[in-house]
1. Mind checking which helices (runs of 4 or more DSSP H) fall wholly inside the stretch 7-107 and carry at least 1 residues that are under 20 Å from the mean Cα position of the chain (by Cα)?
2. What about Ile282, is it in contact with a helix residue (DSSP H, G or I) (Cβ under 8 Å, 6 or more places away or on another chain), farther than 26 Å from Lys49 by Cα and either among the β-branched types (Val, Ile, Thr) or without any contact (Cβ under 8 Å) to a residue 12 or more places away in the chain (or both)?
3. Suppose we keep only residues that are assigned to a loop (DSSP other than H, G, I, E, B) and of a type in the set (Lys, Arg) within the stretch 149-180. Which one would you say is farthest from Cys67 (Cα to Cα)?
4. What about Gly137, is it small (Gly, Ala, Ser), modelled with pLDDT under 90 and within 18 Å of Gly65 (Cα to Cα)?
5. Looking at the stretch 227-251 only, could you name the residues that are among the β-branched types (Val, Ile, Thr) and under 16 Å from Ile84 (Cβ atoms)?
6. I'd like the full set of residues that are among the charged types (D, E, K, R), surrounded by fewer than 22 Cβ atoms within 10 Å (Cβ to Cβ) and not in a loop (DSSP other than H, G, I, E, B), limited to the stretch 181-238.
7. Just one of the numbered conditions (1) out of contact with any Leu (no Cβ under 7 Å at 6 or more places or on another chain); (2) farther than 30 Å from Leu290 by Cβ; (3) at pLDDT below 95; (4) of a type in the set (A, V, I, L, M) is not true of Ile217; which one?
8. Using the structure shown, decide if Phe250 is over 17 Å from Ile76 (Cα atoms), aromatic (Phe, Trp, Tyr) and buried (at least 20 other Cβ atoms within 10 Å of the Cβ).
Amino acid sequence: MKLRKELQKNPVADEVQALIAVVRPILLGTILSVKQEAIEDAGGVNQVKLRQVPRIYRPGDGDTGICFEYAVHDAIINGHPEIIERIEEALRKYCRIKGDTPSSILFGMEKQGNIQIIESAKEHLTNDSRLLSGSKGQPVKLKKHIDSVAAAFRKRTIREQLPYSINGLWKADLFVGQPQPDQWVGTTVKINPADLDGARGLRLGVVPSQQGKKDNIYRLEAKNLIVVPIPYDDSFMEMFYRGWQIVRQFIDADAYVPKEVNLPKPADRQVARFLEERRDFIALEVVEALKPLAQPELLETKEEDANISLRRGKENITGAIIVPVPNTTKY
């Protein structure tokens, strides 16, 4: 039997640090969701100042979903304990992918024509990277097909030329997996669980948990997806929506701290102040500059072998580690 220990690496951070951690990917997603034409008029994405974002950003129906994709990706690569543990369980238990630390490759194909690929998947894949699609047969080599998968987003004829087992992979938002043994699964991320849709090549579906329902990982047979609900109350989703509110209110206030009625919580306004202080800097540089202020990874997971014994009264049957049966009564 394996004994799993969660060791606290750093003191629990305060609200401000936790909010900064989620505001960074939300702000990044917002910046990169601006239409290319507007970005070019402002001098290019690497020249846009934070104070210029309110002038070129136009809200869209899919903006929250785009930012959620970035937030989930960022949480995985930075080891957010509430996310990484659920991803690791889904990969190990349902996809049979084992390894030390799950990772994520952002496959940000254009959504509604206004978001660019910001991270080249090819840079993070090797010639031996395999995609496990959940179908029978030898897993395909992902890097070999990545250009065709990207092109298939816009051209239906190219989709038909992809291997049958992955001809829906162009719908992926992320590739989630283990760098060792270099195995990955196509992942779709939806802010609205009702929008979750399966396709050949997709294996994981990441959605917010629905209030009042269990948030256990489960298999959705009809769509051949392993669904990973993200916890809500007092957890990641609640913090995500607070971060989303901060960014939207900050933009609506022309890159200044909003009125107290717009952001009534002190911690939210403090994050907005950090942003306002940097309004004259390049927006992408602000996202990077906030990284040291964000909540660090809190937990380090270690596993070790453990012998379990039963205890009858004061008698230890095996002489090994004694583990009393916990009281599971709920009051």
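The values are calculated or read from the model by the stated rules, or taken from the named source; none is laboratory data. Note that the coordinates shown come from a computational prediction; the quantities given were computed from them, not determined experimentally. Positions of Cβ are backbone-derived with ideal geometry, glycine not excepted, and every protein chain shown enters the neighbour counts.
1. Numbers: elements: 15-32, 36-41, 53-56, 63-77, 81-89.
Output list reads 15-32, 63-77, 81-89.
2. On the way: in contact with a helix residue (DSSP H, G or I) (Cβ under 8 Å, 6 or more places away or on another chain): yes; farther than 26 Å from Lys49 by Cα: no; either among the β-branched types (Val, Ile, Thr) or without any contact (Cβ under 8 Å) to a residue 12 or more places away in the chain (or both): yes.
It is false that Ile282 is in contact with a helix residue (DSSP H, G or I) (Cβ under 8 Å, 6 or more places away or on another chain), farther than 26 Å from Lys49 by Cα and either among the β-branched types (Val, Ile, Thr) or without any contact (Cβ under 8 Å) to a residue 12 or more places away in the chain (or both).
3. Step one: of the stretch 149-180, the residues assigned to a loop (DSSP other than H, G, I, E, B) are 152-155, 160-163, 167-168, 172-173, 179-180.
Cutting the leftovers down to of a type in the set (Lys, Arg) gives us 154-155.
On the way: Arg154: 22, Lys155: 25 Å.
Checking each candidate, the answer is Lys155.
4. no
5. Residues of the stretch 227-251 among the β-branched types (Val, Ile, Thr): 227-228, 230, 246-247, 251.
Val228, Ile230 - these are the residues of the stretch 227-251 that are among the β-branched types (Val, Ile, Thr) and under 16 Å from Ile84 (Cβ atoms).
6. At the first step, the residues of the stretch 181-238 found to be among the charged types (D, E, K, R) are 182, 190, 195, 197, 200, 203, 213-215, 219, 221, 223, 233-234, 238.
With surrounded by fewer than 22 Cβ atoms within 10 Å (Cβ to Cβ) added as a condition, the list becomes 182, 190, 195, 197, 200, 213-215, 219, 221, 223, 233-234, 238.
If the condition is that a residue be among the charged types (D, E, K, R), surrounded by fewer than 22 Cβ atoms within 10 Å (Cβ to Cβ) and not in a loop (DSSP other than H, G, I, E, B), then Asp195, Arg219, Glu221, Lys223, Glu238 are the ones that fit.
7. Here Ile217 clears every test but (3).
8. On the way: over 17 Å from Ile76 (Cα atoms): yes; aromatic (Phe, Trp, Tyr): yes; buried (at least 20 other Cβ atoms within 10 Å of the Cβ): yes.
For Phe250, the condition - over 17 Å from Ile76 (Cα atoms), aromatic (Phe, Trp, Tyr) and buried (at least 20 other Cβ atoms within 10 Å of the Cβ) - is met.
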